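Everything on this sheet refers to the single structure shown next.
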Amino acid sequence: MKKFLLSALMLTTLNTASAQRFMRIWQGGESTRIALQDITYTDSGARISADGVTYQTSEVDSITIVKEVDVTFSGTTATVDLGNSTDITYEINGAHVTLTNTNTTEEMEVEVTGSSTNGSLTYVGSYKTKIHLNGVNLTSLQGAALDIQNGKRIDLILEDGTTNTLIDGTAGEQKACLYCKGHLEISGSGSLNVTGNARHAIATKEYFILKKSTGNITIAKAAGDAIHAGQYFQMNGGTLNISGTAGDGIQAEITDDPTEEMNGQVLIKGGSITMTVAADDTKGIKSDSLITISGGTFDITASGAGTKGISSGTDMIINEDDNTTQITIKATGSKYTDPVTKESSKCMGIRVVEDLTITAGTINISKTYSSSKGIKVGGTYYAKGGNVSADVDATATVK
């Protein structure tokens, strides 16, 4: 059956190569996108070769043709190539593009390239979608640079070897420079630079995941939070560089439905975070619920008055799983006094509202002022392992 399907696929790719330029080879739930012109078939279709990789068709779960739309920005204009897609309509106003997808059964892929100093892309749909950033440089003067109005899973792929830049204007009602109404998952080894001039730099209504393959993401300015996740934030890999925020570095808030999966949590399993939080009374990493750190390298400077390097709304767990955990926090800020309530708040390396459990990892926290705190725990500190170099203020300590 697979051989028959492959033969049919070979015929299809030859007949539609001008409109459909990629296919996906699926194995074990994961897929690889391959350009049709790079594919060769050997042994009467028993093997497929592309980009130096040979796939035995007997080990392939399925092969799908990619339905792709190309969006190209060029200065004050933009163009859209729908390929053979019949479920998408588009509008172009100068270099501001809106794609509307009515398909609810097939995954669409959108390739974005080019640059504009006054352009944006808005994607409207109701089915999971892959958006490839392939060397795009967008500055929007009227709203979000990339506005994904789709409540499903969105795979944002930073194409290998590319640098992608998104900047929004100071005016507008956008929630972020890069906004996703649904679940945003970022992958790909390219780079992404985001500037949020109006509010957040990156925001999602639901969860936000950085996959292991994620490259370098730099947020050098945000009028609000650098990253604001509406349900939970999870980092499996990649490199985050955050500075210049008026709000928090990373915030995960609880949604209106508190029963949703991992609601309000931060989970960090790997990767690297370098962050400076300089605005008064802000947090580097903040959750409304549990924070779990099981791997990764953290270099956080909390330099604003009353700032916290990491702040958990409930408990915090620090351990090591597949990756080592190395947390370095410099609490250099002074005490903050609210101008209205006159209440004061100390600068801290780590603040935990309830219990803190450390079983593994290396945690080094330094502070500048005597009024600052290394680690402040509202509940019990369970010191089960790891190497902790910080003063700990807890209601109780269990070793």
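In percent, what relative contact order does the chain have, based on Cα pairs under 8 Å that are 6 or more apart in sequence?
Over the chain, the number comes to 7 percent.
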The extension gain from VAL53 to ASN84, computed as 0.36 nm times the residue separation minus the Cα-Cα distance, is 8.4 nm
Contact order relative to length for the range 153-199, counting C-alpha pairs under 8 Å separated by 6 or more residues, stands in percent at 57
What FRET efficiency do you get for GLN142 and THR341 if R0 is 41 Å and r is their Cβ-Cβ distance, rounded to the nearest 0.05? 0.65
20 Å reach of a label modelled at ALA171, 7 Å along Cα-to-Cβ, counting backbone N of the range 140-161: 140-147
How many nm separate the modelled label positions at ASP391 and TYR369, each set 7 Å beyond the Cα in the direction of the Cβ? 1.4
Restricting to lysines and to Cα separations under 16 Å from LYS181, and discarding same-chain partners fewer than 8 apart, the set is LYS128, LYS130, LYS152, LYS205
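What is the antiparallel percent of DSSP beta bridges lying wholly in the chain, to the nearest 5?
Rounded to the nearest five, the antiparallel share is 20 percent.
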Given axes a ≥ b ≥ c from the Cα gyration tensor, I'd like to know whether the range 64-204 is rounded (a/c under 1.5), prolate (a/b larger than b/c) or oblate. rounded
With a Förster distance of 45 angstrom and the Cβ-Cβ distance between ASP321 and ASP61, calculated FRET efficiency to the nearest 0.05 equals 0.95
Cα gyration tensor, the range 68-398 - rounded (a/c under 1.5), prolate or oblate: prolate
Prolate/oblate/rounded label for the range 150-309 (Cα gyration tensor, a/c 1.5): rounded
Any chance you could give the angle, 0 to 90 degrees and rounded to 10, that helix 2-16 forms with the longest Cα principal axis of the chain? 80
For GLU30 and THR105, FRET efficiency with R0 = 22 Å and r from the beta-carbon atoms, rounded to 0.05? 0.55
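Read-outs: derived from the displayed coordinates by stated rules, not from any lab. Everything numeric in this text was worked out from a predicted model, so none of it was measured. Cβ coordinates were reconstructed from backbone atoms using ideal geometry, including for glycine residues, and neighbour counts include every protein chain displayed.
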